[in-house]
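K.L.:
For reference, the structure I am asking about is given below.
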Amino acid sequence: MSDAKRAIEAVWRIESARLIAGLARMVQDVGLAEDLAQDALVAALEKWPSDGVPDNPGAWLMATAKNRAIDRMRRQESFQSKQEEIARETGALFAMERSDFEAAADDEIGDDLLALIFTCCHPLLSREARVALTLRLLGGLTTPEIARAFLAPESTVAQRLVRAKKALREARVPFEVPRGTELDERLPSVLEVVYLVFNEGYAASGGEEWVRRDLCEEALRVGRILAELVPAEPEVHGLVALLEIQASRLGARLGPEGEPVLLLDQNRGRWDPLLIVRGRRALERAEGLPRPLGPYGLQAAIAACHAQAIRAEETDWVKIAALYDALAQIQPSPIVELNRAVALGMAFGPEAGLALLNEIGDQKELANYHLLPSVRGDLLEKAGRPDEAATEFKRAAELTTNARERDLLLSRAAPPNA
Amino acid sequence: MRFMMFMYPGIEEKDWTPSAEDVAAMSRYNEELRKAGMLLSLDGLRPPSDGGVVSFEDGKATITDGPFTEAKEVVGGYWLIQARSKEEALEWASRCPGENCRIEVRQIFEMDDFPQDVQDAAAENFGG
C-alpha cells in the first residue's frame, strides 16, 4: 500500500464515524449514510494522492458526501414516483441546507455520534449484527478485518451487515439518541456490545495476537467515547474501568506457549500500571455519581481490588467477597455465586466457600459446568480432604472440553506423591 | 498500538510559559483527542532550567543542572495516545495547533514485542 493510501486510510479511521453520523442524521438511514461516506472516500482516494490531504479533511469528506447525496436524490427523483419517498428526500435535502457540518457545535457532533452508537446497537438487531455494525460504522473496520477478528467467513459478515442495515431501514428506526427511561433501557445493549468486542479480543480463543489486542483497544476507545458522551451514567464509567483494568493484564494473561494463565498465577510485574490508574480513575468517576454502581461498576471494583494487590497474597478477599455479594443481589447468576464461593473461601477459609457451594450446587445451569467441581475440589483440598477433592477434580476433568485444562485437573486428582 | 508524541517547541527558555491563547488552543486539541478515545495521558514540562541532566561515561554518572545551552532542542511536553496505525498517530500529531515546533511520534514497545527472556527479565523483580 502506498504512503498516500495509508495516510488516507488513517484519516478515514479518524473521520468515518463522525461523517457517517452526520450524514445519517440528514438522511435518517445509516446504510445510505455509509454509502455516501464511502463515495466520499473513493473521491478522496482519487484526489488526495495528487492534490495532497486537505487542511480540514473531515469537512472535505462531508462536503463531498453531501454533494453525492444531492446527486443521488435528484437521480432517484426522476425515476421514482413514490410520493412518500420524494417527501422524505425533500425533507432530507432541506435539512441538509440548514445544517452546516463545519459550523456544527461540538455537542451536535457528539449527539450524532451517540445516535450512531445507539442505532448500531439497536435491540432490533442480533448481538452478532450489533457487534459487526458497531465495528464497521464506529470503528471504520473493513468487512475482512471484522471477519478476521471473529474468525468468521467474510461472506457471513458481509451478509450480516447488509441484513442489519436493511432491518434498520425497514423498521424505520429513527436516527436519534434515546432519552429518559428509554436511554436507561437501551444503554445496556450498547455496553454489552462494547464488552463483547473487548472479550473477543481478550479471550485467548485463537487468531493473531495483534488482531486480538486491536479489538481490546477498539472496545476501550468506544467505551471512552461513550464516557465523554454520557458522563452521567455510572455504568459507562464502570464498564470503562473494568475494561481498562482487564486490559492492564493483557501482557500477563498468556504463558510462553500461549496457554491462559489464571489471575492469581499471573506475573503482576507484567500488568500495565498506566491502565490500572486509568481504570481506578474511571471507577472513581462512577462512584462519584449519585446512582449506585451497577454490574459493570461492581466487577470493576473487584478488578481494582486485584490490581491493588502487589502480590496475590495481599488480595483483600473480604472486600472482594462483599462486592460479589452485592453483585449477586443486583445480577444474580450461578457464575457470580461460584466466584463468591471462591472469594469466601479465600477470605474466611475453605469451609465458608464449601457452605455456599452446597447451597448453589443443585442449580440446573451448573449441572454440567466443570468449574463447579473444580472450585469445590480446590476448596476441599485446602480443607484437608484430599480424597473428596480428587473425586471432584476427576468429575471436572470429565466435564471440561479444553484438553490442557483436563490434563491440569487430572494431575490435581492424582498428586504424584500421594 | 501506543505512541508517544514528543513536542519540541521552537521557543527560547525565557518564552517558555505559554499564553492563555496558546493554552486554550492546545486544550481544545487535547479535548478532541480525549473525545476520540485516543488520549491515554499527557503532560507539559517546566523549562529545562528547572531540571537537570545526568550523563554517563564508562558507567560514571555526572550531574549537570539546566539550562542546557548546548542542546538544540528540548522536549516541552508529551502525549501518550492509542492509535490503530503509525499513520493515524501521525495524522493526529499533524492536527496539533502548532506554530513553530516539531512533534516526534514514536511507537511504544509492548511486552509481546520482546522475546521471552527479555519479558521475564522485565517482570522479574516486581513485588519482591
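The values are calculated or read from the model by the stated rules, or taken from the named source; none is laboratory data. This one's a predicted model, so the numbers in the text were calculated from it and none came from an experiment. Don't worry about glycine lacking a Cβ; one is built from the backbone with ideal geometry, like all the others, and counts go over all protein chains shown.
K.L.:
Do we have B:Ala122 as at the interface with chain A (Cβ under 10 Å from one of its Cβ atoms) and at pLDDT below 95 here?
P.N.:
yes
K.L.:
Here is a follow-up. Collect the residues in the range B:33-46 that are in contact with a helix residue (DSSP H, G or I) (Cβ under 9 Å, 6 or more places away or on another chain) and within 14 Å of chain A (Cβ to nearest Cβ), keeping them in residue-number order.
P.N.:
Of everything in the range B:33-46, those that are in contact with a helix residue (DSSP H, G or I) (Cβ under 9 Å, 6 or more places away or on another chain) and within 14 Å of chain A (Cβ to nearest Cβ) turn out to be B:Leu33, B:Arg34, B:Lys35, B:Ala36, B:Gly37, B:Met38, B:Leu39, B:Leu40, B:Ser41, B:Leu42.
K.L.:
Now a separate question. Among the residues of the range A:267-274, are any in the same structural domain as A:Ile302 (by TED's automatic domain parsing) and either in contact with an Asp or Glu (Cβ under 6 Å, 6 or more places away or on another chain) or closer than 26 Å to A:Leu137 by Cα (or both)?
P.N.:
No, that holds for no residue.
K.L.:
From the list A:Leu283, A:Leu293, pick out the single residue that is of a type outside the set (Phe, Trp, Tyr) and part of a loop (DSSP other than H, G, I, E, B).
P.N.:
Every option except A:Leu293 fails the conditions.
K.L.:
So which helices (runs of 4 or more DSSP H) stay within the range B:17-128 end to end and still have 2 or more residues that are closer than 30 Å to A:Gly258 by Cα and not small (Gly, Ala, Ser)?
P.N.:
Here the list reads B:86-94, B:116-123.
K.L.:
Right, something else. Would you check if A:Pro178 is modelled with pLDDT of 90 or more and within 22 Å of A:Ala24 (Cα to Cα)?
P.N.:
Taking the combined requirement at face value, the residue satisfies it.
K.L.:
Among A:Val157, A:Val193, which is assigned to a helix (DSSP H, G or I) and out of contact with any Lys or Arg (no Cβ under 6 Å at 6 or more places or on another chain)?
P.N.:
Answer to the selection: A:Val157.
K.L.:
Can I ask one more? Could we say that A:Ala343 is modelled with pLDDT of 95 or more and under 29 Å from the mean Cα position of the chain (by Cα) here?
P.N.:
It is true that A:Ala343 is modelled with pLDDT of 95 or more and under 29 Å from the mean Cα position of the chain (by Cα).
Rundown of residues vs (1) away from every other protein chain (no Cβ under 14 Å); (2) under 26 Å from B:Ala123 (Cβ atoms); (3) among the charged types (D, E, K, R); (4) surrounded by 18 or more Cβ atoms within 10 Å (Cβ to Cβ), yes/no style:
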| residue | (1), (2), (3), (4) |
| --- | --- |
| A:Ala307 | no, yes, no, yes |
| A:Tyr324 | yes, no, no, yes |
| A:Phe348 | yes, no, no, no |
| A:Glu351 | yes, no, yes, no |
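K.L.:
Determine whether the range A:336-344 contains at least one residue that is part of a helix (DSSP H, G or I), touching a residue at least 12 places away in the same chain (Cβ under 8 Å) and among the acidic types (Asp, Glu).
P.N.:
The answer is yes, given that some residue of the range A:336-344 is part of a helix (DSSP H, G or I), touching a residue at least 12 places away in the same chain (Cβ under 8 Å) and among the acidic types (Asp, Glu).
K.L.:
Within the range A:36-43, identify whether any single residue is part of a helix (DSSP H, G or I) and within 14 Å of chain B (Cβ to nearest Cβ), and answer yes or no.
P.N.:
No: zero hits.
Each row is one residue, and each column tells you yes or no for (1) farther than 30 Å from A:Glu235 by Cβ; (2) at pLDDT below 95; (3) aromatic (Phe, Trp, Tyr); (4) touching a helix residue (DSSP H, G or I) at 6+ places or on another chain (Cβ under 9 Å).
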site	(1), (2), (3), (4)
A:Val336	no, yes, no, yes
A:Leu356	no, yes, no, yes
A:Asp362	yes, yes, no, no
A:Ala367	yes, yes, no, no
A:Ala397	yes, yes, no, yes
A:Ala418	yes, yes, no, yes
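K.L.:
Just to be sure I understand the filter: pairs with C-beta atoms under 7 Å, separated by 6 or more residues or on different chains, first member in the range B:109-120 and surrounded by 12 or more Cβ atoms within 10 Å (Cβ to Cβ), second member in a loop (DSSP other than H, G, I, E, B). Which pairs pass?
P.N.:
From residues that are surrounded by 12 or more Cβ atoms within 10 Å (Cβ to Cβ), the pairs are B:Glu110/A:Gly251; B:Met111/A:Gly251; B:Asp112/A:Gly251.
K.L.:
Could you please tell me which pairs satisfy a Cβ distance under 6 Å, a separation of 6+ or placement on different chains, a first residue in the range B:73-87 that is more than 23 Å from A:Ile8 (Cβ to Cβ), and a second residue that is among the small types (Gly, Ala, Ser) and surrounded by fewer than 19 Cβ atoms within 10 Å (Cβ to Cβ)?
P.N.:
Every condition considered, the pairs that remain are B:Gly77/B:Gly44; B:Leu80/B:Ser41.
K.L.:
Quick check on my filter: what residues within the range B:47-83 are away from chain A (no Cβ under 14 Å), among the aliphatic types (A, V, I, L, M) and over 14 Å from the mean Cα position of the chain (by Cα)?
P.N.:
B:Val53, B:Val54, B:Ala61, B:Ile63, B:Ala71
K.L.:
Continuing with the same structure: Do we have A:Ala65 as away from chain B (no Cβ under 14 Å), assigned to a helix (DSSP H, G or I), touching a residue at least 24 places away in the same chain (Cβ under 8 Å) and surrounded by 23 or more Cβ atoms within 10 Å (Cβ to Cβ) here?
P.N.:
Criteria met by A:Ala65.
K.L.:
State yes or no: is A:Leu23 closer than 23 Å to A:Arg6 by Cα, assigned to a helix (DSSP H, G or I) and in contact with a Leu (Cβ under 8 Å, 6 or more places away or on another chain)?
P.N.:
When the stated conditions are applied, A:Leu23 does not pass them.
K.L.:
Check whether at least one residue in the range A:229-245 is assigned to a helix (DSSP H, G or I), of a type outside the set (A, V, I, L, M), within 11 Å of another protein chain (Cβ to nearest Cβ) and out of contact with any Leu (no Cβ under 9 Å at 6 or more places or on another chain), and report yes or no.
P.N.:
no
K.L.:
Still on this structure: Considering every residue within the range B:71-93, establish whether at least one is over 26 Å from A:Ser2 (Cβ atoms), exposed (fewer than 10 other Cβ atoms within 10 Å of the Cβ) and at pLDDT 90 or above.
P.N.:
Within the range B:71-93, not a single residue is over 26 Å from A:Ser2 (Cβ atoms), exposed (fewer than 10 other Cβ atoms within 10 Å of the Cβ) and at pLDDT 90 or above.
K.L.:
Look through the range A:168-189, keep the residues that are touching a Ser or Thr at 6+ places or on another chain (Cβ under 7 Å) and aliphatic (A, V, I, L, M), and return whichever of them is surrounded by the most Cβ atoms within 10 Å (Cβ to Cβ).
P.N.:
The qualifying residue surrounded by the most Cβ atoms within 10 Å (Cβ to Cβ) is A:Leu168.
K.L.:
Let me ask something additional. Residue by residue through the range B:4-32, note down the ones that are under 17 Å from the mean Cα position of the chain (by Cα) and within 12 Å of chain A (Cβ to nearest Cβ).
P.N.:
B:Met4
K.L.:
Oh, and also: Which of the residues belonging to the range A:381-401 are under 17 Å from A:Tyr369 (Cβ atoms) and in a helix (DSSP H, G or I)?
P.N.:
Residues satisfying the conditions are A:Thr391, A:Glu392, A:Phe393, A:Lys394, A:Arg395, A:Ala396, A:Ala397, A:Glu398, A:Leu399.
K.L.:
Show the residue pairs meeting these rules: Cβ distance below 8 Å; 6+ apart or different chains; first residue within the range A:392-410 and within 20 Å of A:Gly255 (Cα to Cα); second residue modelled with pLDDT under 85 and not polar (S, T, N, Q).
P.N.:
A:Arg404/A:Glu259
K.L.:
For B:Ala93, are the conditions met, namely being within 14 Å of chain A (Cβ to nearest Cβ) and closer than 27 Å to A:Trp271 by Cα?
P.N.:
No: the conditions fail for B:Ala93.
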